[in-house]
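This report concerns only the one structure given below.
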Amino acid sequence: MHPAGADLAWVLAGTVAGVLLGAVRGLTPRLYVRDGHIWQRYTGWTLLAWAVSAGINAGIGALATAAGTPDQVRPMALSIGVSLLGEAAALGLRARTLGAPFAPGGDDSLLDRLAGRR
């Protein structure tokens, strides 16, 4: 099976929606420094953002189904996966402003090296 242009448009729509919804969700957890390291705590807004994201993803999936998009190219799983990427990116950017290391651990933390803290 070769996906048609419309199929690829649904994949793109699901991907963009996933990243954006994840980034919005990444704005909702509370970030704080404890014992010299960054911690996060989900809030009620985070749970609401998860529920809204799931509803929007289900809607995109339903629209794709109604448009005749084959099962293999429906964007639901991809959208969920990239939403976690969007959330992580938003959290990472917010956490950098706190100026503390991301996590306690060894001297060779990848996140701290990427953030230029070590």
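The values are calculated or read from the model by the stated rules, or taken from the named source; none is laboratory data. Predicted, not measured: the structure shown is a model, and the values here were computed from it. Please note: Cβ atoms are built from the backbone with ideal geometry, for glycine as well, and neighbour counts cover all protein chains shown. Note: areas computed on protein heavy atoms with side chains; ligands, DNA, RNA excluded. Shrake-Rupley method; radii C 1.70, N 1.55, O 1.52, S 1.80 Å.
A few comments on the model shown:
- Hey, residue 14 loosely packed, with under 12 Cβ neighbours inside 10 Å, under 16 Å from the mean Cα position of the chain (by Cα) and small (Gly, Ala, Ser) or not: no
- Filter result for residue 6 (open to solvent by 60 Å² or more (accessible area, probe 1.4 Å) and within 17 Å of residue 67 (Cβ to Cβ)): yes
- Only a single criterion out of (1) more than 14 Å from residue 90 (Cα to Cα); (2) surrounded by 13 or more Cβ atoms within 10 Å (Cβ to Cβ); (3) in contact with a strand residue (DSSP E or B) (Cβ under 8 Å, 6 or more places away or on another chain) is not satisfied by residue 41, namely (2).
- Among the residues examined, residue 108 qualifies as more than 19 Å from the chain's Cα centre (by Cα), part of a loop (DSSP other than H, G, I, E, B) and either at pLDDT below 90 or not basic (Lys, Arg) (or both).
- Segment 46-57, residues that are open to solvent by less than 50 Å² (accessible area, probe 1.4 Å) and within 15 Å of residue 78 (Cβ to Cβ): 53, 57
- Out of 31, 21, one residue alone is part of a strand (DSSP E or B) and open to solvent by less than 60 Å² (accessible area, probe 1.4 Å). It is 31.
- Scanning segment 58-79 for residues that are open to solvent by 50 Å² or more (accessible area, probe 1.4 Å) and at pLDDT below 85 yields 71, 72, 74, 76, 77, 78.
- Scanning segment 1-38 for residues that are among the charged types (D, E, K, R), farther than 13 Å from residue 94 by Cα and in contact (Cβ under 8 Å) with a residue 60 or more places away in the chain yields 7, 35.
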